[in-house]
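Novice: My questions all concern the structure below.
Just so it is clear, none of the values below were taken in a lab; they were calculated from the coordinates. These numbers were taken from a predicted model, which means no experiment stands behind them. Please note: Cβ atoms are built from the backbone with ideal geometry, for glycine as well, and neighbour counts cover all protein chains shown.
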Amino acid sequence: MTKKDFLHRFRLYVLISSSIATKSVKETAGLAIDGGADAIQLREKTISDSEFISLAGEVRDITTKSGTLLVINDRVHVAKEINADGVHLGQQDMSALEARDIIGGGKIIGVSTHSVTQARRAQKDGADYIAIGPIYHTRTKDYEPSIGIQIIREISETVNIPFIAIGAITLDNLDEVLKAGASRVAVCSAIIGSNDIYSSTKQFKEKLNGQQAYG
């Protein structure tokens with residue numbers, strides 16, 4: 001099974017940032033993976049490329065052993081340097097087309113989208129998956145207003161590539177997200193900000209595995 005085939009099967013995508021995590025990035029990644037995370041995204045906005053490469057390399061060792069996808073937020077050259085599985089781009093970053101020229105055809109490219117129009121554009125540009133949100137208001141991206149649960153159904157009827165619901169998703173609102181038509185979610189604070197990262201991840205994964213809809 002190729003990495004891109006895996007995108008159609010995975011359910012839980014955990015975003016890790018040292019500014020939110022209650023433990024070290026390396027320990028957080030290990031606990032999330034043990035709890036059932038299918039993919040890890042490293043998101044570090046303030047450290048240098050050299051620091052990020054060192055940090056990501058440590059996490060890469062863990063994800064390689066576990067068979068978990070490792071995606072780097074924004075920094076395409078860092079993703080290439082450590083041989084990550086892919087890169088995740090925001091609306092202010094380079095396009096998926098530009099990133100593909102750098103990272104190569106065998107790698108995964110994801111794009112953050114906040115509307116149906118952006119989702120269509122990302123798919124046209126060659127993104128392998130999109131993240132749609134923020135579904136709920138999130139403190140990790142205060143500058144982006146929440147777009148609401150209804151966007152999930154619209155996206156499911158619009159794009160053919162896998163999509164991931166993102167934005168302040170918790171165990172309390174996960175059922176609502178799944179009922180709206182999502183089958184993949186990205187989670188940050190509710191897992192990595194938890195006092196028990198392993199158990200929190202496990203609870204999310206169990207709920208996702210018990211849901212039958214596919215986005």
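Novice: What is the magnitude of the charge dipole of the chain about its Cα centre, with +1 placed on the Cβ of each Lys and Arg, -1 on the Cβ of each Asp and Glu, and no other charges, expressed in debye to the nearest 20?
Specialist: Values: 25 positive and 26 negative charges, 76 e Å.
Value, rounded to 20: 360 debye.
Novice: Also, quick follow-up: Extent of the stretch 10-88 along each principal axis, from alpha carbon coordinates, in Å, largest to smallest?
Specialist: Between the extreme Cα coordinates on each principal axis of the stretch 10-88 lie 30, 25, 19 Å.
Novice: Round to the nearest 0.05 the FRET efficiency obtained for residue 80 and residue 20 when R0 = 25 Å and r is the Cβ-Cβ distance. List each step's numbers first, then the result.
Specialist: Values: r = 26 Å, r/R0 = 1.03.
According to the calculation, E is roughly 0.45.
Novice: Run the numbers for residue 65 and residue 176: contour at 0.36 nm per residue of separation, minus the present Cα-Cα distance, in nm.
Specialist: 36.6 nm
Novice: While we're looking at this one, here's another question. Normalised by the residues of the chain, what does the relative contact order come to in percent, with Cα pairs under 8 Å and at least six apart? Walk me through the numbers on the way to the answer.
Specialist: Numbers: 418 pairs, mean separation 47.2, N = 215.
It rounds to 22 percent for the chain.
Novice: Working out 0.36 nm times the residue gap between residue 102 and residue 195, then minus their Cα-Cα distance, what length gain in nm do you get to one decimal?
Specialist: 29.7 nm
Novice: Can you compute the FRET efficiency between residue 115 and residue 48 using 1/(1 + (r/R0)^6), with r the Cβ-Cβ distance and R0 = 30 Å? Round to the nearest 0.05.
Specialist: 0.35
Novice: Based only on Cα atoms, what mean projected area does the convex hull of the chain have, in nm²?
Specialist: Working: hull surface 41.5 nm².
Convex hull of Cα atoms, orientation-averaged projection: 10.4 nm².
Novice: OK, next. Of 191, 117, 52, which is farthest towards the positive pole of the chain's charge dipole, taken about the Cα centre with +1 and -1 on the beta-carbons of Lys, Arg and Asp, Glu respectively?
Specialist: Positive-end residue among those listed: 117.
Novice: Could you pull out the pairs from 26/202; 26/80; 4/179; 23/124 whose alpha carbons sit more than 29 Å apart here?
Specialist: 23/124
Novice: If you place +1 on the Cβ of every Lys and Arg and -1 on the Cβ of every Asp and Glu, how big does the dipole about the Cα centre of the stretch 98-215 come out, in debye to the nearest 20?
Specialist: Details: 13 positive and 13 negative charges, 35 e Å.
It works out to roughly 160 debye.
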